[in-house]
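Chemist: Input: one structure, supplied below.
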Amino acid sequence: MKIAIVGGGVSGLSIAYNLAVRSAGEIHLFEKNWIMYGSSTRSGARFRVHFWTEENSRFAIESIKRLEKLAGKMEWNPIIYRGGYLWLLFNEHQIERFKETNKMWSKLGVQGIFLEPEDIRERYPYINVDDVLGGFYGPQDGSLHHDYVCFGYYSLAKKLGVIFHEFTPVNEIIVSDNKVKQLKTMSGLVDVDVVVLAAGAWTNELLEKIGIHLPTEPLRKEVCLTEPYHYFIDPLIIDMGSGAYVGQTLKGEILGSIDYPTPPGLIKLETKLEFVIKWARAITKRIPILKNARVMRTWAGYYMMSADNSHIMGRGPEWPEGLYVAYGYSGHGFMMAPLVGELLAENILTGKIPELMKPFLPTRFRENKLIQEKLVIG
Ligand SMILES: Cc1cc2nc3c(=O)[nH]c(=O)nc-3n(C[C@H](O)[C@H](O)[C@H](O)COP(=O)(O)OP(=O)(O)OC[C@H]3O[C@@H](n4cnc5c(N)ncnc54)[C@H](O)[C@@H]3O)c2cc1C
């Protein structure tokens, strides 16, 4: 069997590795730029198991377990660190929502801790809690090193015989008799039996050429990073009032972002001064000592938003035989990719749809079985 994966981000790399480890045949990965060009190395590098929906929470719990297991096999240390997530809550509605959802998280074994403003002050004296009504702390959540996870997948997959084609955009999928047959690349036509589209924000460009439309759209997101300082912010802090998040890398840089009005689409990957100002205002109000921090750099990447803010994996029954997708991660794809790779490999090779994958099939949109995930950060 000849399998082609389009996209060299964490999603494509995890799929390539998981197929190769199962001796799936001849596996080729096509990347239009260089491996890790896309959102995977532009992320905030955080993971969490706390989502509003049970489907996403379950998926993330299992995905992080896969990542931890794989860490021992990788040549690169993914630097998994559980500093926790701290949501700062500003009204009764938010507190109620977290309390209600914590019942589901408890059932899954990942319950969090509710904090009064004075508890927050005691644990994190640098946080201004004057207008805060409470907090929710998820100790199971944390950070990783996105570059090293990607390098780790890449080197494992390469050793297992995956053939990488960098600077090789796939321009079209050639279909005949409702089967994928070939890929049109700049170096010519390539015969294939299976195509997995893991091209992040660019996936629709290829899908739409063969008449498949899924409700997804790219949304540019920006990140700001300061000079490194002595480490003092352990959790990722999510301010549910301003929409800002802020954390610290283990190297000491203060990192974060804020929801900022941006038109959807593949707009230029640039950062705006207005974004930096909005984020800086929000985080210096929350952590006043940061007013002395100096911005070192900013960057932008795309969240590939799906209509229900949950990822899409697998295939539609009427699609050309051999075609699969893995995208639409809606801002939390890095942490989901380890399990996506495993389940999709299983699905491609056995034809069976694993239980955890079922809710995320592309058919859910027309069947109105949406996984409405509202706990999107950034
Ligand atoms: C600012 C920001 C912060 C984020 N923070 C987090 C976080 O803290 N935690 C988390 O889990 N997730 C986070 N995410 C989301 C996460 O980064 C993405 O969900 C994830 O990286 C998606 O991986 P991917 O492999 O699907 O896409 P990408 O990494 O974008 O990879 C797709 C690749 O496909 C290639 N490609 C596109 N078209 C073609 C073609 N025609 N032919 C060949 N190659 C092609 C591209 O060049 C690209 O390299 C964040 C995203 C952003 C932008």
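The values are calculated or read from the model by the stated rules, or taken from the named source; none is laboratory data. In this text the structure is predicted, and so the values were computed from the model without any measurement. When we count neighbours, we look across all protein chains shown, and the Cβ atoms used for this are built from the backbone with ideal geometry, even at glycine.
Chemist: In this structure, is SER176 outside the structural domain of GLU96 (by TED's automatic domain parsing) and either without any contact (Cβ under 8 Å) to a residue 40 or more places away in the chain or among the acidic types (Asp, Glu) (or both)?
Modeler: yes
Chemist: Read through the list (1) outside any loop (DSSP other than H, G, I, E, B); (2) within 11 Å of the ligand (Cβ to nearest atom), then give the number of the only condition that ILE377 fails.
Modeler: (1)
Chemist: Now, a different point. Can you name the condition, by its number, that ASP239 falls short on among (1) within 15 Å of the ligand (Cβ to nearest atom); (2) under 19 Å from VAL376 (Cβ atoms); (3) in contact (Cβ under 8 Å) with a residue 40 or more places away in the chain?
Modeler: (1)
Chemist: Kindly indicate which of LYS221, LYS158, LYS184 is in contact with a Gly (Cβ under 6 Å, 6 or more places away or on another chain) and not in a loop (DSSP other than H, G, I, E, B).
Modeler: Exactly one residue qualifies, and that residue is LYS221.
Chemist: If you scan segment 224-261, which residues turn out to be assigned to a loop (DSSP other than H, G, I, E, B) and surrounded by 15 or more Cβ atoms within 10 Å (Cβ to Cβ)?
Modeler: TYR229, ILE233, ASP234, PRO235, MET240, GLY241, SER242, GLY243, THR249, ASP259, TYR260
Chemist: Kindly evaluate THR298 against the criterion of being assigned to a loop (DSSP other than H, G, I, E, B) and within 13 Å of the ligand (Cβ to nearest atom).
Modeler: So THR298 fails the test.
Chemist: What's the number of the condition LYS221 fails, among (1) charged (D, E, K, R); (2) under 20 Å from HIS332 (Cβ atoms); (3) outside the structural domain of VAL132 (by TED's automatic domain parsing)?
Modeler: If we test LYS221 against (1) charged (D, E, K, R); (2) under 20 Å from HIS332 (Cβ atoms); (3) outside the structural domain of VAL132 (by TED's automatic domain parsing), just (3) comes out false.
Chemist: Give me the pairs, please: first residue somewhere in segment 6-28 and over 22 Å from ILE173 (Cα atoms), second residue anywhere and of a type outside the set (Phe, Trp, Tyr) and outside any helix (DSSP H, G or I), beta-carbon distance under 6 Å, and either six or more positions apart or on two chains.
Modeler: Pairs found: ALA20/ILE27; ALA20/LEU160; ALA20/VAL162.
Chemist: Go through (1) surrounded by 22 or more Cβ atoms within 10 Å (Cβ to Cβ); (2) in the same structural domain as ALA345 (by TED's automatic domain parsing) for GLY211 and report which single condition fails.
Modeler: Unmet condition: (1).
Chemist: Answer yes or no: is there a residue in segment 263-274 that is outside any loop (DSSP other than H, G, I, E, B) and either of a type outside the set (Phe, Trp, Tyr) or modelled with pLDDT under 95 (or both).
Modeler: yes
Chemist: Go through segment 1-29 and give me each residue that's out of contact with any Gly (no Cβ under 8 Å at 6 or more places or on another chain) and hydroxyl-bearing (Ser, Thr, Tyr).
Modeler: Of everything in segment 1-29, just one residue is out of contact with any Gly (no Cβ under 8 Å at 6 or more places or on another chain) and hydroxyl-bearing (Ser, Thr, Tyr), namely SER23.
Chemist: Just one of ILE353, ILE377 is without any contact (Cβ under 8 Å) to a residue 60 or more places away in the chain, over 24 Å from LEU183 (Cβ atoms) and touching a strand residue (DSSP E or B) at 6+ places or on another chain (Cβ under 7 Å); which is it?
Modeler: None of the others qualify; the one that does is ILE353.
Chemist: Being surrounded by fewer than 22 Cβ atoms within 10 Å (Cβ to Cβ) and near the ligand (Cβ under 7 Å from one of its atoms), is that true of even one residue in segment 329-341?
Modeler: So far as segment 329-341 goes, yes, one or more of its residues are surrounded by fewer than 22 Cβ atoms within 10 Å (Cβ to Cβ) and near the ligand (Cβ under 7 Å from one of its atoms).
Chemist: Then there's this: Pick out the one residue from LEU183, LEU197, LEU156, LEU206 that is more than 14 Å from the ligand (Cβ to nearest atom), assigned by TED's automatic domain parsing to the domain that holds ILE15 and not small (Gly, Ala, Ser).
Modeler: One residue alone meets the criteria, LEU156.
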